[in-house]
1. Of a type in the set (Gly, Ala, Ser) and either touching a helix residue (DSSP H, G or I) at 6+ places or on another chain (Cβ under 9 Å) or within 16 Å of CYS58 (Cα to Cα) (or both) - does that describe any residue in segment 132-145?
2. Of the residues ASP95, ASP102, ASP50, ASP75, which is in contact (Cβ under 8 Å) with a residue 60 or more places away in the chain, over 20 Å from THR128 (Cβ atoms) and of a type outside the set (Val, Ile, Thr)?
3. For segment 158-183, which residues satisfy the criterion of being in contact with a strand residue (DSSP E or B) (Cβ under 8 Å, 6 or more places away or on another chain), surrounded by fewer than 18 Cβ atoms within 10 Å (Cβ to Cβ) and either in contact (Cβ under 8 Å) with a residue 24 or more places away in the chain or over 22 Å from VAL125 (Cα atoms) (or both)?
4. Could you list, in sequence order, the residues of segment 103-122 that are surrounded by 14 or more Cβ atoms within 10 Å (Cβ to Cβ) and out of contact with any helix residue (DSSP H, G or I) (no Cβ under 7 Å at 6 or more places or on another chain)?
5. Take the residues in segment 92-115 that are assigned to a strand (DSSP E or B) and of a type outside the set (A, V, I, L, M); name whichever of them is nearest to THR127 (Cα to Cα).
6. Restricting to segment 22-72, count the residues that are small (Gly, Ala, Ser) and under 22 Å from GLU101 (Cα atoms).
7. How about segment 1-47: which of its residues are touching a residue at least 24 places away in the same chain (Cβ under 8 Å), surrounded by fewer than 17 Cβ atoms within 10 Å (Cβ to Cβ) and not in a helix (DSSP H, G or I)?
8. Of these, LEU82, LEU87, LEU43, which one is modelled with pLDDT of 95 or more and farther than 15 Å from ASP112 by Cβ?
Amino acid sequence: MIIRKAAPPDAENIAPLLLMAMEDIVFKFIGERDQEKAKKFLLHFIKNQDNQYSYQNCLVAEIGNEVVAAVSFYDGARLATLRQPVLEFIHEHFDENLQLEDETGSGEFYIDSIGVSLAHRGKGVGTTLLQFLIDEYVNKQAKTLGLLVDEANPAAKKLYLKLGFKSAENLLFAGKQMEHLQIHAGE
């Protein structure tokens, strides 16, 4: 498996992977449970620069020449700047009153979304991708990594805890009860 920075041509492969990870949240953004509209929404941002879902903030995992997983992550200190074009688009096209809580902030690199293709789940692809981020950011750069896990997803939480993440706080994000987990250098 190869893990590499995403490029614009990867957008078509990244969108459905990230959508699997954040389906309910994207449905809230667009105001309906429509897979195609949700995928189009994400695709718009993945293809473009300087937003939280941009290819610039993604890594992909490839097996052969197939993108089998993707992760969107960024410096939490940049959340407001990266989120601004997303919110403006939502306000213009979907819900002019939508407000979102901050899911991250200064002091952590934030794993926004991670998605693994259905055909490659349970094969260690997601774990390998997360371990890559831990090695690169926590072990080599002494940064903190953070993420949110839906309280309704105990299997994901179990994986994150196994990899060394620890609970930081519980919070509400986009109408969902979430747990904020972090992993720090030296832990």
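1. no
2. Working: ASP102 fails: in contact (Cβ under 8 Å) with a residue 60 or more places away in the chain; ASP50 fails: in contact (Cβ under 8 Å) with a residue 60 or more places away in the chain; ASP75 fails: in contact (Cβ under 8 Å) with a residue 60 or more places away in the chain.
Testing whether each residue is in contact (Cβ under 8 Å) with a residue 60 or more places away in the chain, over 20 Å from THR128 (Cβ atoms) and of a type outside the set (Val, Ile, Thr) leaves just ASP95.
3. Correct list: LEU163, GLY164, SER167, ALA168, GLU169, ASN170, LEU171, LEU172, PHE173, LYS176, GLN177.
4. Passing the criteria: GLU103, ASP112, HIS120, ARG121.
5. The first filter runs over segment 92-115 and keeps only residues assigned to a strand (DSSP E or B), leaving 109-115.
So of that shortlist, the ones also of a type outside the set (A, V, I, L, M) come out as 109-110, 112-113, 115.
On the way: PHE109: 17, TYR110: 16, ASP112: 16, SER113: 14, GLY115: 11 Å.
It comes out as GLY115.
6. Matching residues across segment 22-72 total 4.
7. MET1, ILE2, ARG4, LYS5, ALA7, GLY31
8. When all the criteria are applied, what remains is LEU43.
The values are calculated or read from the model by the stated rules, or taken from the named source; none is laboratory data. Quick caveat, the model's predicted, so the values are computed rather than measured. Using ideal geometry, Cβ is built from the backbone for each residue, glycine included, and neighbour counts are taken over all protein chains shown.
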